[in-house]
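The values are calculated or read from the model by the stated rules, or taken from the named source; none is laboratory data. Since this is a predicted model, take the numbers as computed values, not measurements. Using ideal geometry, Cβ is built from the backbone for each residue, glycine included, and neighbour counts are taken over all protein chains shown. To get the accessible areas, we keep the full protein, side chains included, count just its heavy atoms, and leave off ligands, DNA and RNA. Shrake-Rupley method; radii C 1.70, N 1.55, O 1.52, S 1.80 Å.
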Amino acid sequence: MTRTDLPSGITSATAAPRRTALISGASIAGPALAYWLNRGGFAVTVVEKASALRGGGYPIDVRGTALEVVRRMGILPRLRDAHIDLRRLAFLDGDGGEVAAIHPHTVTGGVEGRDLEVPRGDLVGALHAAVRHDVEFVFDDSVDTLDQSDHGVDVTFRGGDTRTFDLVFGSDGLHSRTREFLFGPEEQFHRYLGYCFAGFTMRNPLGLSREALIWNTPGRAAVLYAVGDGSAEGGSAGGGPTAGGGDGVHAFLNFAHPEPPFEAFRNPRAQRDLVADVFADAGWEVPGMLAALRDADDLFFDAVSQIRLPRWSSGRVALVGDAAYAPSFLTGQGTSLALVGAYMLAAALADQDHTAGFAAYEQHTREFVTANQDLVGEGDAVLFPTTAQALARRNDMLRNLDTLPPAEGRPTHSALTLPAFPTPS
């Protein structure tokens, strides 16, 4: 267990007891929620099973209402500095020939000059910097048991400590253990969308610069995504290139699969074997991608799925972000929902008790979440056709597509207007 220094506000000299909150997960929803809960008068602890913040990672989008969240946090200028200016998205056929090239926002529904795409590690770092002096962070530990009662939630940590909190929040991702504590096995709420994917970094074999290439055959896609200026030199096959560097690319291998491979989610060797089997006969740059996959130290593998829950809280424990309502990367809205959900949850709790606050959180946020989850289907067939006929139709559509990005984003991205943050009662 690695514990940061307690913030100065959490001392025995504090005039009035503050409500205490534990957040499980220090990725995006967790630190964002910590920031706003602290603003709402809570003494906050964040526990993270990793030994440190997870830097690097693939690019992520901040759009619509979420832009207002980061503006109110004061981190929008930092994120604008980190913005990735991806200029070209090219689709390739099975032989590597170019089918069509378009502006990326034409597919994503983003708005050029307004919406943001940033390396994941830059957003994580900005969120942590905004709250690190006010919140306790505990790394290399996790929640082992939760026991709710009228007085609070008794928590036993994997490292052996026991503590009691007024409220507990799960921001621990698609495969949330907190959700399992509350509602049971993931399979009940896991809406599988028919695909799996592996993401990792590797050398830039084609010297790509601020562009992405998507190679498709029916049911399979390979993506090379260059966020820097591009160089075939430098880096390492095992994840050495950083997200913002010009010496590497983000590689993605996506494939249709009939059932979610639950047995592989926590088994990196099984993940590598599955991907290698699916792409064994693939051409273009895929053999080199598979070689890099074998040695990658930053492999991220998962199913393309959503979480659909009938409720997001039980007693004194609530869920936020992917743990409550993962929309899948096909919507491009996972990060934005996490940021907006964290704000709405903390705002609902700032001036009322948890029973009323949790109810208000769902009442005012669920319609926005559901609408964004329902975006799935608008982009998936374009990116990942599963039959030869669908692939041919997709390619014909791309050849005739207006390449100008939309002047306005998808209305769903901005469909919720943030309330003012209440003054704590």
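Here are the numbers for this structure:
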| item | result |
| --- | --- |
| Every residue from the stretch 29-47 that is touching a strand residue (DSSP E or B) at 6+ places or on another chain (Cβ under 9 Å) and either without any contact (Cβ under 8 Å) to a residue 40 or more places away in the chain or open to solvent by less than 20 Å² (accessible area, probe 1.4 Å) (or both) | A29, G30, P31, L33, A34, L37, F42, A43, V44, T45, V46, V47 |
| Single unsatisfied condition, G170 versus (1) over 21 Å from the mean Cα position of the chain (by Cα); (2) open to solvent by less than 40 Å² (accessible area, probe 1.4 Å) | (1) |
| Pair list, Cβ under 7 Å, 6 or more apart: the stretch 68-90 residue open to solvent by less than 70 Å² (accessible area, probe 1.4 Å), other residue modelled with pLDDT of 95 or more and hydroxyl-bearing (S, T, Y) | V69/Y343; M73/Y35 |
| Sole exception among (1) open to solvent by less than 30 Å² (accessible area, probe 1.4 Å); (2) modelled with pLDDT of 90 or more; (3) not polar (S, T, N, Q) for G239, by number | (2) |
| Candidate set from the stretch 379-414 (those that are open to solvent by less than 70 Å² (accessible area, probe 1.4 Å), small (G, A, S) and assigned to a loop (DSSP other than H, G, I, E, B)); member that is modelled with the highest pLDDT | G409 |
| Scope the stretch 190-224; condition open to solvent by 30 Å² or more (accessible area, probe 1.4 Å) and closer than 23 Å to E263 by Cα; matching residues | R191, Y192, L193, R220 |
| Residue within the stretch 79-92 that is in contact with a helix residue (DSSP H, G or I) (Cβ under 8 Å, 6 or more places away or on another chain) and among the β-branched types (V, I, T) present | no |
| Residue pairs meeting the criteria (Cβ under 9 Å; at least 6 apart or on separate chains; first without any contact (Cβ under 8 Å) to a residue 40 or more places away in the chain, in the stretch 200-220; second open to solvent by 20 Å² or more (accessible area, probe 1.4 Å) and aliphatic (A, V, I, L, M)) | G207/A232 |
| Filtered residue count, the stretch 27-61, keeping only those that are of a type outside the set (K, R), on the phi < 0 side of the Ramachandran plot and modelled with pLDDT of 95 or more | 19 |
| Residue under evaluation A359, criteria (1) surrounded by fewer than 22 Cβ atoms within 10 Å (Cβ to Cβ); (2) closer than 30 Å to L401 by Cα, criterion not met | (2) |
| Scope the stretch 153-175; condition outside any strand (DSSP E or B) and closer than 15 Å to D141 by Cα; matching residues | R158, G159, G160, D161, S171, D172 |
| Scan of the stretch 283-308 for residues that are more than 14 Å from F197 (Cβ to Cβ), in a loop (DSSP other than H, G, I, E, B) and open to solvent by less than 10 Å² (accessible area, probe 1.4 Å), ordered by number | none |
